[in-house]
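Enquirer: Pasting a structure here, questions to come.
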Amino acid sequence: MITPQGYTPLRPVEFQILLVLAGGDAHGYAIIRETEARTGGELKLEPGTLYRALQRLTQEGLIRESNRRPVPEMDDQRRRYFAITAAGRKVAAAEARRMARLVEEARASDLLGELEAR
């Protein structure tokens with residue numbers, strides 16, 4: 001059984017992949033596009049970076065290759081689809097809680113005052 005300890009902190013790329021997959025199965029290019037949209041262009045995944053991260057997350061049991069596919073006329077058979085696992089969801093939630101604590105600490109230290117005033 002996978003527990004979140006030992007997996008956090010996640011690399012930003014891995015956390016973003018888990019966030020995308022928490023919304024549903026996706027193929028690599030869709031993960032790249034969704035990550036860029038979610039981060040306002042701050043994180044642009046290169047294919048090599050993405051597929052190394054997907055391989056790591058798969059080996060760790062946090063994601064799996066998905067058998068679900070869209071209807072054939074909306075699909076490209078070359079695409080590999082991925083899905084988050086229950087363990088991946090737990091790890092992503094633990095990472096989100098960890099980051100929320102960090103944000104609270106930053107607020108308490110008045111580090112976000114300027115940003116929040118905008």
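The values are calculated or read from the model by the stated rules, or taken from the named source; none is laboratory data. These figures come from a predicted structure and were not determined experimentally. Because the Cβ atoms are built from the backbone with ideal geometry, glycine has one as well, and the counts that use them run over all protein chains shown. Note: accessible area is taken over every heavy atom of the protein model, side chains too, but ligands, DNA and RNA are not part of it. Shrake-Rupley method; radii C 1.70, N 1.55, O 1.52, S 1.80 Å.
Enquirer: Taking helices (runs of 4 or more DSSP H) that fall entirely within the range 20-118, which contain at least 1 residues that are open to solvent by 90 Å² or more (accessible area, probe 1.4 Å), out of contact with any strand residue (DSSP E or B) (no Cβ under 9 Å at 6 or more places or on another chain) and at pLDDT 90 or above?
Expert: Fully inside the range 20-118 and qualifying: 28-38, 47-59, 86-108.
Enquirer: Next up: Specify the residue that is farthest from I84 (Cα to Cα); the eligible residues are those in the range 27-43 that are in contact (Cβ under 8 Å) with a residue 12 or more places away in the chain and of a type in the set (D, E, K, R). Steps first, answer last, please.
Expert: Start the filter on the range 27-43 by keeping residues that are in contact (Cβ under 8 Å) with a residue 12 or more places away in the chain, which leaves 27-29, 31-32, 34-35, 38-39, 43.
Imposing the further condition that a residue be of a type in the set (D, E, K, R) reduces the set to 34, 38.
Numbers: E34: 15, R38: 18 Å.
Per the criteria, the residue is R38.
Enquirer: Could you grab me the full set of residues in the range 1-15 that are of a type outside the set (A, V, I, L, M) and either part of a loop (DSSP other than H, G, I, E, B) or open to solvent by less than 30 Å² (accessible area, probe 1.4 Å) (or both)? So that I can check it myself, show each step before the final result.
Expert: Kept after step one, since they are of a type outside the set (A, V, I, L, M), are these residues of the range 1-15: 3-9, 11-12, 14-15.
Within the range 1-15, T3, P4, Q5, G6, Y7, T8, P9, R11, E14, F15 qualify.
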